[in-house]
1. Out of S355, S307, I need the residue that is free of Cβ contacts under 8 Å to residues at least 60 places away in the same chain and surrounded by 21 or more Cβ atoms within 10 Å (Cβ to Cβ). Which one?
2. Return yes or no: is I246 open to solvent by less than 30 Å² (accessible area, probe 1.4 Å) and assigned to a helix (DSSP H, G or I)?
3. Out of region 297-322, which residues are farther than 19 Å from A351 by Cβ and touching a Leu at 6+ places or on another chain (Cβ under 8 Å)?
4. Can you name the residue in region 123-170 that is among the hydrophobic types (A, V, I, L, M, F, W, C), part of a helix (DSSP H, G or I) and open to solvent by less than 10 Å² (accessible area, probe 1.4 Å) and, of all such residues, is nearest to P346 (Cα to Cα)?
5. Being within 20 Å of the chain's Cα centre (by Cα) and in contact (Cβ under 8 Å) with a residue 40 or more places away in the chain is the filter here, so list the residues in region 200-226 that pass it.
6. Looking only at region 166-199, how many residues end up being free of Cβ contacts under 8 Å to residues at least 60 places away in the same chain, closer than 22 Å to V60 by Cα and not β-branched (V, I, T)?
7. Picking from G174, G196, G161, which residue would you name as being small (G, A, S) and over 30 Å from P71 (Cβ atoms)?
8. If the requirement is being under 18 Å from the mean Cα position of the chain (by Cα) and open to solvent by 60 Å² or more (accessible area, probe 1.4 Å), which of these qualifies: K342, K270, K281?
Amino acid sequence: MSGQSGSSTRIRATGKRRRKPSRRRRATVVAAWTAAGVVVVGGAGLGYAYVKLNDNLKAVDINAALGKNRPVDVDNGSQDILVLGSDSRSGANSAYGVDEGSARSDTAMVLHVNKGHKTASVVSIPRDTLVTRPDCTSDTTGETVAGQRRAMFNTAYEVGGPACAVKTVESMSGIRMDHYVEVDFTGFKKLIDQLGGVKITTTRAIDDSKSHLHLQPGTHTLDGEQSLGLVRTRKSVGDGSDLGRIQLQQAFIKALMEQAKGVGVFSNPKTLFDLADTATKAVTTDSDLGSVKKLTGFATGLKGLGSKNVTMVTMPVQYDPADPNRVIPLEESAQQVWTALKHDKPIPASATEKSAGDKGEAGKVVQ
């Protein structure tokens, strides 16, 4: 989601960069959850607009791409969804950086919805995490891309698209992803504007020339452009790292969830249609969610979740001793997190105590 490339010493991972991603694959992540939820408010009332909304959706067949060599699909009523964003600057997104004709996953979150769908956990995976990337199939050439040790996590999407991103997360976590969702920059902004903005309170000034966001301390209702600026901000908060930006994103998601619940879409058919139209244009999903009917059923299971029912953490990491611009997983602590999700249990506080990802001041900037 960031328009920034990191510090001036950032080293780009090796590998052929993906060419010309589709517009709806050019994503920012923070609206994905709400975008899916917007569709459900229509229910049967989508009526005549059903076909149009259905045509808006773009889907990727993750199951066909990955085959049977995946973690066991545990059928206990819980769900695990990979919510992904990318850093493409093509087309309508060119205002947020130089178009390099390629995309990497800029932000990734694993959303675990517990059995009964009363609570949920979100685990953010830092884009600069060094991981062992498995062999993948390029979604542009169909050729096999060899796996790599100490590869940046965000290169999985770059070399193999959504399927490789899912495969990498499943390899790291041992958890099968039930679904996949992306959201695009421009659709995110429109969605926020149609929701009437998102109210946040800042505890200190944010003055970030990279994200073009300038806010004084106090309460603000952010429009789409400002909201996008907030979730891209990193240099002016905390230690200026991507870990601090993740904390801002998590705070914004909670505010967005509360804002979406207060919009009067049930009583205003035009508002309903505009939101559903924007949401379905913005999202790319797995094929199991690739229709309004399927996406509605999925979102029905999420609409009861409020921000107080959602726990948000960052996958436990530490800065890489060999490169301070990268992070590496704290293997034992990260395994605690994945094990909790796998067994549909709350993430223990001890799992993140040593992590660099949940420290720092950035998480206190937005309330």
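1. Sole residue among the options that is free of Cβ contacts under 8 Å to residues at least 60 places away in the same chain and surrounded by 21 or more Cβ atoms within 10 Å (Cβ to Cβ): S355.
2. Yes; evaluated as a whole, the condition is true for this residue.
3. Matches in region 297-322: F298, D320.
4. V169
5. If we filter region 200-226 for residues that are within 20 Å of the chain's Cα centre (by Cα), which is where we start, we get 200, 211, 222-226.
Correct list: I200, S211.
6. 1
7. Sole residue among the options that is small (G, A, S) and over 30 Å from P71 (Cβ atoms): G196.
8. K281
The values are calculated or read from the model by the stated rules, or taken from the named source; none is laboratory data. Keep in mind that what you see is a predicted model, and the values were worked out from it rather than measured. As a convention, Cβ positions derive from the backbone with ideal geometry for all residues, glycine included, and neighbour counts pool all protein chains shown. Side chains included, ligands, DNA and RNA excluded: accessible areas come from the protein's heavy atoms. Shrake-Rupley method; radii C 1.70, N 1.55, O 1.52, S 1.80 Å.
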